[in-house]
Structures are given as structure tokens and as C-alpha cells.
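Heads up, the thing below is written out as C-alpha cells.
None of the figures in this text is laboratory data; all of them are computed from the coordinates on show. Quick caveat, the model's predicted, so the values are computed rather than measured. Methodologically, a virtual Cβ is constructed for each residue, glycine included, from the backbone with ideal geometry; neighbour enumeration extends over all protein chains shown.
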Amino acid sequence: MPKPYFENKKQKIKEIIMVDHAGEFGAQKIYEGQIRYTKNPKDKQLISHMLEQELEHLDYFQNQIKEGKSKPTALMPLWSILGYSLGAISAKAGPKTAMMLTESVEEVIVEHYDEQITYLKETDPKNPLLKKIQKFKADEAEHIHIAIDNDSKNAKFHKLLSNVTKIFCKSAIFLSKKM
């Protein structure tokens, strides 16, 4: 017998919180890796600004988990290692590559948040999660603009690395929903 609609909606909210928590955790790790290996103080300042916003997002989703509205994905240790490594490698490759990574990751996240916003508007428009995701999406869009303004498009192998990054991010979203 199929589950009632409201149970599916409750499960979807749990999934949103779990996957967004994982994504914000991964973003934090990426920016930490970039900050550690970025040499230019101006670039460090830009990345630190983006990290501060990601920490705000992460804090919100961690509190949602503490309140019992979801649970963390089992893949958190993997996202910690991979996120930090991606950030470190991109920064070591140079500021344009670090910004290309930011641009690519945030483009996937903005698209992902758009899907969640559409879902919440259609099924639960009064859920406070909707306003939070809308705000976080605006922050992520700002990160894209920061990356582009800082030469992300001129990174070596931009198109190839961007596509690989986007595939990785979409795979991480898929896996985080499942585990």
C-alpha cells in the first residue's frame, strides 16, 4: 500500500536538510582548503568572505539536524576529505583555478536550490526552510559573481575542469540523498 502524501513530504524535507547539510559542509571544506593554500591576501579575504556565509548555512542545517528534523549523511567523512582536497588542489593550481572551482560548484548548488525552492513553493510554502534556502541561494549566486569577477573563466582547462567539477557535485548530491 502506498504511503500517504504527507509522509512523502516529510521524507522529502528530511532529504533536503540532509543533502543541504552535506553540501554546506563540503563547501566549508573546499574554502578551508583554498584558504590554506592561497598565497595572495586579497584572494584569501574573498574566500574568507564566502566561507563565512557557508558557515552560516552549515550552522542552520546542523541545528535542523540537532532538532531531529533529519540526520547527517553517512558520507560526511568522505566529503570532508574530498572537499578539503579539491579546495587545496585548486588553490595550489592558482587563483583562477580556485575561482573556477567556486564558480562550478556554486552553479550546481544554485540549480539544486532552485529545484528545492520550486518544490517547497508547491508543497509547503509556509515552511521556514523555504526562506532560508532562498537566502542561501542568493549567497551562492554572489559567490558565482565573485568567482567570475576574479577571472574564473580564464583558468587553464576551464571548460574541462568545470564539467568534471559539476559531475562530481551532482554525484555527491545524488549519493548524499541515498546514504
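General observations
- Exposure proxy ranking for 82, 51, based on other Cβ atoms within 10 angstrom of each Cβ and starting from the fewest, stands as 82, 51.
- Across the chain, C-alpha contacts under 8 Å between residues 6 or more apart give a mean separation that, scaled by the residue count, equals a relative contact order of 29 percent.
- Computed from the Cβ-Cβ distance with R0 of 25 Å, the FRET efficiency linking residue 71 to residue 118 stands at 0.55.
- For the residue pairs 66/178; 39/153; 9/178; 131/159, the alpha carbons lie more than 22 Å apart in 131/159.
- Only helices enter this figure: runs of n ≥ 4 DSSP H residues, each worth -39500 (n - 2.57), summed and divided by the residues of the chain, yield -29500 deg cm²/dmol at 222 nm to the nearest 500.
- Label-to-label distance, nm, for residues given as residue 138 and residue 89 (7 Å Cα→Cβ offset): 3.5
- FRET efficiency estimate (nearest 0.05) - Cβ-Cβ, residue 78 to residue 48, R0 25 angstrom: 0.50
- Loop-resident trypsin sites (Lys or Arg not before Pro) (DSSP state other than H, G, I, E or B) in the stretch 96-179 with no more than 13 further Cβ atoms inside 10 Å of their Cβ: 126, 156.
- Reciprocal of mean inverse Cα separation for the chain (Kirkwood radius, Å): 16.5
- Kirkwood hydrodynamic radius computed over the stretch 44-114 comes to 13.8 Å, based on all pairs of distinct alpha carbons.
- Normalised radius of gyration (Cα atoms, divided by 2.2 N^0.38 Å) for the stretch 124-179: 1.49.
- Among 100, 76, 179, 18, a tally of other beta-carbon atoms within 10 Å of each Cβ gives an order, fewest to most, of 179, 76, 18, 100.
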